[in-house]
Amino acid sequence: MQPSSFYKASGRYRSTLLALGVLLPLVVLISAGLGAYYIPPQEIPRILWERSEQAYAVLVSVRFPRVLLALLVGALLALSGAVMQGLFRNPLADPGLIGVSAGAALGAAIFIILVPGAGILEVYALPLAAFVGGLLATLAVWFMASSGGRVQTLTLLLAGIAINALAGALIGLLITRATDEQLRSLTFWTLGGYSGATWGGLAAMAPTALLAFWGLMRLARPLNALVLGESEAFHLGVHLERFKRQAVALAALAVGTAVAAAGGVGFIGLVAPHLFRLMAGPDHRYLLVGSVLLGAGLSALADLIARTVASPAELPVGVVTSLLGAPFFIWLLLRFKQGAAR
Amino acid sequence: MLEARSLSYAVGGKTLLENISFRLEAGQMLSIIGPNGAGKSTLLRLLSGEVQPDAGQIELLGRPLSSYRPLELALERAVLTQRREINFPFDAYEVAFLGRLPHLERRAENPQDHRVTEHALSQTGALQFATRRYQTLSGGEQSRVDLARVLAQEPRLLLLDEPTNHLDPKHQVEVLALCRRLARAGWGVLTVLHDLNLAGLFSDRILLLHQGRVEALGQPAEVLQPARLQAVYGLPFIQTQHPSGRPWVMPLAEADAVVSRSEEPLAAGRVSL
């Protein structure tokens, strides 16, 4: 038999990944260079090598932590978005569906509004409160959806919606007793941003982030099987309940880490997997890696826009991602509508 | 190869299957027939390991089915289900390649995986639209891609739920002839079929299910008896012979008689036609 002619079909995936892999370092250099203190991006490697100039200090203590945080948060959100879309077998699913974002927002609201003197503690304890809130909300969703050791995916979705609504209502209740200052910091937290980036903060999120990356990447094959349906995934050798448990737990870990570090950065989790499917295709073995690269790049670019476009003022990153992401999402919907009509 | 002993299964107090026993040997093609709601698809779900019987045992290759891990099962048996819906823009080739997944659990893909996939596609006549988006294919084309996916899994046992669904007569015959060839090559093939004559033409044995019980099990000529079919389907049948010597059955009904009984309100309008 001749070597298969379709063997080359994976070429489009590889060339897309290669292109993204080349583009991402460029985005990093540009993001690190541009800002209130301009550093020519092409000079950055030399500056890092020589370690002497003032620019080196700016890069290492200000720009790199921030760019790194943007990359990490974008990658975590995009990867869990891709996994959630696969789990729910719906390209319009969002990583927030399992309640983690809403739970994190509630955790943050409880901390900001109910813990007196939060001002001093905020830097360390607020992310922790958000992280715990996110995980608890997902746990609640999980237990609502499971019965007799099995979890119905549709119930999971509905439980997620219920928990999202409940968390929103509780935040609303809390807001009625918030001071103006508390309200302001909660609002800014909700809109998301990378301005709080420090090396210490990055080190704190590294363990859960790495665990989530490692675990979620391993789900590519079961996600591919799930494309055909849950029964079919089982027929193809997927241990369904174990897979769902891993997918939800790891996505909650990823989103919880991202939201704790940067607040509510919307749309990246939804848009990045989509973009990769448009550019290359839907095979999860490539989609997961591609979403990580795209999510990281989009997030860094959004942050670049957020801190340069209205300089010296700074826009919340969540505003930029939503401003750009929402029209893209609407375009996608229109495109789907046309596709369905054709 | 596959043996079911006294299987029973109930959901919410309603018995769907009761005391089902049969054997399928390697090299054999067994068809399950029966009216709507007889329990055919449910039986297939039990045999695939997807749901556990309430009573009775299933053995696959001499080992209890319940002792297999999902991946072990996927390397021995493949299942073609009826409804399938893909929400992502996979092309037909990628869908067929999904059949290789169980083999790729512990190693990277290699050219052999693609040769197997391509061969499977050509066996089901789906190669010419392999590069097209699965979602844009017709129902019959999708069915052939799905069958190719199941073949690409290279199992020893095939469980097929109405593999001829959505297919035109030519492709129905081709698919069943393919199943028969695979059985001759040593696979075990179990199919759920609605068309009694296709079942009669291609199967070694037929299992007739009725209200969750085995009504008859044997060679086509033994099972496709007019009296038995009338009892099960509630319609008179006549039997004649196919040129191959196999039985050929037909429901004995007049179109107008059936229409006027089952579609009373419309009948008046149709008579004048």
Roughly speaking, to the nearest percent, how much of the protein assembly as shown's 1.4 Å accessible area is carbon and sulfur? 60
Using label points projected 7 Å from each Cα along Cα→Cβ, tell me how many nm separate A:SER195 and B:ARG228, to one decimal. 8.2
Between B:ARG156 and A:ASP180, the two model label points (7 Å from Cα along the beta-carbon direction) sit apart by a distance in nm of 7.9
Using a 1.4 Å probe on the protein heavy atoms only, what accessible surface does B:TYR233 show? Give it in Å² to the nearest 10. 60
Strictly greater than 32 Å: what percent of every Cα pair in chain B meets that? 29
Å² of accessible area per residue within the range B:121-265, as computed with a 1.4 Å probe and no ligands counted: 46
Beyond 24 Å, what percent of the Cα pairs of the range A:39-142 remain? 48
Would you please classify the overall shape of the range A:71-228 from the alpha carbon gyration tensor, given that a ≥ b ≥ c denote the square roots of the eigenvalues, rounded means a/c under 1.5, and beyond that prolate means a/b larger than b/c while oblate covers the rest? oblate
The protein assembly as shown, helix-only ellipticity at 222 nm - DSSP H runs n ≥ 4, -39,500 (n - 2.57), divided by all residues, nearest 500: -18500 deg cm²/dmol
How large are Rg and Dmax for chain A when calculated on the C-alpha trace, in angstrom? 20.7, 75
Calculated on alpha-carbon atoms, Rg and Dmax of the range B:1-156 in Å: 17.2, 51
Estimate for me the total accessible surface buried between chains A and B (protein heavy atoms, probe 1.4 Å, no ligands or nucleic acids), in Å² to the nearest 100. 3300
I need the calculated FRET efficiency for the pair B:ARG132 and A:GLU241, taking r as the beta carbon distance and R₀ as 30 Å, to the nearest 0.05. 0.30
Hull surface divided by four, with the convex hull built on the Cα atoms of the range A:159-313: how many nm²? 11.7
Residues of the range B:29-59 with backbone nitrogen within less than 11 Å of a virtual label 7 Å along the Cα-to-Cβ line of B:SER6, please, listed as ranges. B:55-57
For the range B:208-249: Kirkwood Rh in Å [reciprocal of mean 1/r, alpha carbons]: 10.8
Please state the Cα pair-distance histogram of the range A:177-246 with 5 angstrom bins from zero: what percent is in each bin? 3, 13, 14, 12, 11, 10, 11, 11, 9, 5, 2, 0
If you count only protein heavy atoms with a 1.4 Å probe, what accessible area per residue comes out for the range A:24-173, rounded to a whole Å²? 45
Taking 7 Å along the Cα-to-C-beta vector as the label spot, tell me the A:THR155-A:SER61 distance in nanometres, rounded to one decimal. 5.5
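The values are calculated or read from the model by the stated rules, or taken from the named source; none is laboratory data. All values derive from a computational prediction rather than experimental measurement. Methodologically, a virtual Cβ is constructed for each residue, glycine included, from the backbone with ideal geometry; neighbour enumeration extends over all protein chains shown. Side chains are part of the model used for accessible areas, which takes the heavy atoms of the whole protein and leaves out ligands, DNA and RNA. Shrake-Rupley method; radii C 1.70, N 1.55, O 1.52, S 1.80 Å.
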